[in-house]
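Since every read-out is calculated from the coordinates, none of them should be taken as a lab result. Being a predicted model, the structure only gives us computed values, none of them experimental. Virtual Cβ from ideal backbone geometry, glycine too; neighbours counted across all protein chains shown.
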Amino acid sequence: MTRSALDAPWHHLEPLPRALWLQGVVTSVGENARRLADIECWLQALLDGRLPVVEADFGDAAASRPLRDAVGDLALPDLARGMPALAEQILRTLLWHLDRIVDHQPALSRTASIAHVATEFRAAWQQESAGLEPELALLQDLGHADAMRWDQLRGHLRSRPWQTAQQSAERLAQLPALVELIRKLGRAERSPLAEPAPREALPDLPAPPVPLRAVHTRLDDVPGEIIGIRWSSRIDSMLGSEAVMLRHPVLKKLWRARHAEARLLSWQTSAQLTDWRVDPLARPHGQASPDTPEALERGPFILCLDTSGSMRGAPESIAKALAIAAVRAAHEGGRGCRLMAFGGPGEVVERDLGPGAGGLQALMDLMGQSFDGGTDVQTPIEAAIERVHEARWRSADLLIVSDGEFGCVAHTLQRLDDARARFGLRVQGVLVGDRETMGLLEVCDHIHWVRDWRRLDEREHGAGLGGFSPVHSKSLTAIYFPNALSERAARHHGRKPE
């Protein structure tokens, strides 16, 4: 006998998650083999986002049909699509309610007992699923839904950091330009629509050379190519047959006579002289130009979030919203995302926002964090440069989200330049404040200004300027104090006004 025959009907437990074993074994509805086989059918159907076939009734069609109808009416398969924890919980509660049918008898008839447990099941999941759809959609967007048990899932969805994450996700609708910026970060894919990588201005190239042509001139009787034999008086080119006569007592007199008459047999030689002269009729050569940098996008990226006290309020909300957008983009494209939350000196939290419970916990830690303290951007930038030297992050871009109240020493700026030259590193800045500071101008290649950041603050606190920004341009320093800009910072000056 085969092993499955010996283990029947319990061999049906093997493909099921252990969380379903207890209910699958103890439920009193139907018979064991049929029930366990139908549990696997139900689980796969829920994960696919659909109701199972009517025939999957656990061996008791009368009892399972009302609960199956309740599952469909509450749209639970749509919620459970791709969510193993939720699909298992639906099945556990369904089997638990089926098992309670016998508990209501003989006080109620079997038909009444079935109707009663179906009503209880429907009421329980109406309350459980209320508002669950948008939360699960966000969790799936973040790529962490399939790695948790149901108790962990419920714990996250009811936590205060998760409520902050939901609010931050809602704010992304007001920041479409920044969402698109995050989508394009990195340098792993070629894109003709992406902006070329920035490069430093090249020095003036020398003028192209004047067109030349080769003029060939034949020079006879000079050392060169042997082209024949001729009469000559030159001893250096005479044939060997003439030279042997010099050793003969009689023929040497003949040699002297031939030499005097220039009748010695000699080699005839010729050389060619090549002279390069200006050719006025030739087409001039174009000036050499460097190759256009290749446009790249959609790769890994490193997110540096300013969590200092100056970011409290609306800037903090925007920073957390961008963290949500970063995790969503990383999950959608399978890209690496490294978070560096920085405050004062020594206050740097570096976490990997990848898939799995660890990535979700890192995001929740950030959502629950209150921004406070000073600002030290130099440490996270140095750490980001170290990451770029690693193979995994070599094609990464750096995104700095800050109000700009920071500065960097010359050594750090030089290391950034070296990473730009060696790896093509691009540094993007998101300014959540009123003006570009020297630190932001010196570090970033491009600066994206969130001008109406006060409007988000007013929605939270209910007062302010009605969404109006009193600042007409982020480049206040360049406009009113142009001489205060360093040479590095001045490269941003002269762009189109905001």
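Structure values in brief
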quantity: Fewest-first sequence of K320, K253, K184 by Cβ atoms within 10 Å of each Cβ; calculated: K253, K184, K320
quantity: Cα-based Rg and Dmax for the stretch 213-278, where Dmax is the largest Cα-Cα distance (Å); calculated: 16.3, 60
quantity: Phi-based couplings in Hz for the stretch 7-16 (Karplus 6.51, -1.76, 1.60; Gly and Pro marked x); calculated: 8, 4, x, 6, 5, 5, 6, 4, x, 8
quantity: Amide hydrogen neighbours beyond the local backbone of Q268, cut-off 5 Å, H modeled; calculated: I227, G228, I229, R230
quantity: Vicinal HN-Hα couplings computed from phi for the stretch 44-51 (Karplus, 6.51 cos²θ - 1.76 cosθ + 1.60; Hz; Gly/Pro x); calculated: 5, 5, 5, 5, 7, x, 9, 6
quantity: Dipole magnitude of the stretch 17-65, debye to nearest 20 (Cβ charges: Lys/Arg +1, Asp/Glu -1, about Cα centre); calculated: 140
quantity: 3J(HN,Hα) from dihedral phi, the stretch 443-453, Karplus parametrisation 6.51/-1.76/1.60, rounded to Hz, x for glycine, proline; calculated: 8, 8, 7, 9, 10, 10, 9, 8, 5, 9, 5
quantity: Proxy reagent accessibility, fewest Cβ within 10 Å first, across S113, S317; calculated: S113, S317
quantity: Net charge dipole size for the stretch 3-130 [Lys, Arg +1 and Asp, Glu -1 on Cβ; Debye, nearest 20]; calculated: 80
quantity: Local electrostatic count at R213 - Lys and Arg +1, Asp and Glu -1, tallied over other residues with Cβ under 15 Å; calculated: 0
quantity: Residues C337, C444, sorted so that the one with the fewest Cβ neighbours within 10 Å comes first; calculated: C444, C337
quantity: The stretch 3-130 shape via C-alpha gyration tensor axes, a/c threshold 1.5; calculated: oblate
